[in-house]
Amino acid sequence: MGEVVSVEKFKALSPSEFFYRNKEIAGFSNPARALYQTVRELVENALDATDTHYILPDVKVVIRSEGVGGSTGVVADESESYEGVLYSVQVEDNGIGLPPQHVPRAFGQLLYSSKYVLRQSRGMFGLGAKMAILYGQITTGRPAEVITSQILSKKIYYFKVSIDIASNSPIIHEYSILAKNSDWHGTTVRVYLIGDWQRSKQKIHDYVRRTAIIAPYANIYFEDPEGNILMFKRSTEEMPVPPREVKPHPYGVDVELLKRMLSDTTAETLKDFLVNEFQNVGELTALKIIEGAGLKPDLKPSELKLNEINELIKSIKATKIKAPSGRHLSFLGEKLIELGLRETLKPEFAAATTRSASVYGGHAFVVEAGIAYGGKILQSDKPILLRYANKIPLLYDESADVIYDIVDPKKFDWSRYGVPSQSPLAVLVHVCSTKVPYKGVGKEAIADVPEVEREVRIAVREVARKLKAYLSRKAKEFEEVERAVTIAKYIPDVSHSLFKLSDGGVKREVLEEKLLQLLNRRLSMFKIKSLKDVVIEVS
Ligand code: ADP
Ligand code: MG
């Protein structure tokens, strides 16, 4: 018998080709989801280009139906042989704009980004805009359009760009420069794609509304293909402090990163390298680390050998180093979260809490929580859960998120906080970090990192306690009012008796008035103005 020789074919894929084949992992799994994801990625870029740079965001989103499409044939969900509709998604911002030389690659080369630095931002993978453009291009064959102008630039740049999938490089179809005679700056991106508005409508509306909750300082204009307009005007000009770029914390480095940093540094000695290139490392700490590794402080960084690098890492782990502070992070703060909840959900009560920074794997993170109760919120057996990471609303994969279990009535005993099982309740959780532990590049769920889980649990308990205090105060007020109403019924009788006792010396009306005043004084201790208000409210 002859041997069976199987011949395997080997080849390499470009990142574009990889994501072209695996669109689903970036959230582009079908025409409905793709439309949602396109809106989302473009809006996130718009907000990154504004609030990260202390610009009050003006963001305009327009989705238009451009007629029945699918003419180019290739549609994401081939199994359904989907007859899609052609849409355009246009997102305009008043952000910092892009330098023209970076536009082709920022929009035409996957994994090209200005956000691969240690600074909190909504984008982090260098994929979003490109995935939208790639999806648009494979479903319609059309390139994307980008108009951009930087602050202080005298020119406006226009590009028509698509992606060469095999080589992962931009194709420029059109390019022009216009003179600018205003002080406008910002970026407009338009993508054509085969989408499904009917099936994504709810999610997209939700997404825009939830973005408005977390960014009450933004103007957001949204126009959908049916001509509906959602307009969120900013309710404050106060913005969260923008994030700052930080150096890595020693606890977050591994062999590869350390190797690269050692070869890139301009520091002359190992000691200076540790002090200059890391967060929270002063001379003393640096010397301790070096001593622990059995090395010399004046070694040249580029000359460290692999075993010395390993020793250095071991010593770093064994040395007590101040944890990263959260000062470089951009969180909302209690006031803005409460405002966002009040403005959009119109509840009877809202409260928020911002925890101080914690750390996982060398990354600082801050957890905030908000709670809203009553008013226009609908009753449900589960609280409405508003999840956010780095100011991005997370809508899909709710049950896979570490936050979900914590708030779930099956696991969280809401009755301990005076919240009945059927309640008009919304809970907001915001995790921000230079590195949010997402479960996938579609950025929809946060992984169950124990440190994060713990902080979320504490934050939710804190706001739940605030709600509890409010509810019990309210219950007490109610009791007091009920008692007052009962007592008030006896006032005519009592004043009549007193009138008789005083032999008619004091007028009945005066006695009645006096008794009522006494009652009102007691009620005012509970912030109820007067029995009259209550009686009117009750009746
Ligand atoms: P990511 O946001 O993860 O970096 P994207 O593909 O969404 O990846 O965007 C690539 C880069 O293009 C961004 O890092 C940013 O520098 C730039 N960019 C995209 N959209 C805008 C915009 N609206 N304004 C300014 N810069 C933008
Ligand atoms: Mg992005």
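The values are calculated or read from the model by the stated rules, or taken from the named source; none is laboratory data. What you are looking at is a predicted structure, and each value in this text was computed from that prediction instead of being measured. As a convention, Cβ positions derive from the backbone with ideal geometry for all residues, glycine included, and neighbour counts pool all protein chains shown. Note: accessible area is taken over every heavy atom of the protein model, side chains too, but ligands, DNA and RNA are not part of it. Shrake-Rupley method; radii C 1.70, N 1.55, O 1.52, S 1.80 Å.
Here are a few things to note about the model shown:
- In this structure, Val456 does not satisfy being open to solvent by less than 80 Å² (accessible area, probe 1.4 Å) and over 28 Å from Gly126 (Cα atoms).
- Residue satisfying all of: in the range 161-176; closer than 17 Å to Tyr135 by Cβ and not aliphatic (A, V, I, L, M); most open to solvent (accessible area, probe 1.4 Å) among these: Asp164
- Screening the range 92-190 for strands (runs of 3 or more DSSP E) wholly inside it with 3 or more residues that are over 30 Å from the mean Cα position of the chain (by Cα) returns the ranges 155-164, 169-179.
- Between Ala364, Ala372, Ala400, Ala351, the distinction of being open to solvent by less than 20 Å² (accessible area, probe 1.4 Å) and over 18 Å from Leu471 (Cα atoms) belongs to Ala364 only.
- Looking across the range 288-311, the residues that are open to solvent by 40 Å² or more (accessible area, probe 1.4 Å) and either basic (Lys, Arg) or outside any helix (DSSP H, G or I) (or both) come down to Lys288, Gly294, Lys296, Pro297, Asp298, Leu299, Lys300, Lys305.
- From Val189, Val281, residue being within 22 Å of Arg119 (Cα to Cα) and surrounded by 18 or more Cβ atoms within 10 Å (Cβ to Cβ): Val281
- Residue that is nearest to ligand 1 (Cβ to nearest atom) [pool: residues in the range 38-59 that are outside any helix (DSSP H, G or I) and surrounded by fewer than 18 Cβ atoms within 10 Å (Cβ to Cβ)]: Asp58
- Scanning the range 191-225 for residues that are in a loop (DSSP other than H, G, I, E, B) and under 28 Å from Glu334 (Cβ atoms) yields a count of 4.
- Qualifying residue in the range 478-491 (condition: part of a helix (DSSP H, G or I) and closer than 21 Å to Arg416 by Cβ): yes
- Within the range 98-135, if we keep just the residues that are within 6 Å of ligand 1 (Cβ to nearest atom) and small (Gly, Ala, Ser), the residue that is surrounded by the fewest Cβ atoms within 10 Å (Cβ to Cβ) turns out to be Ser114.
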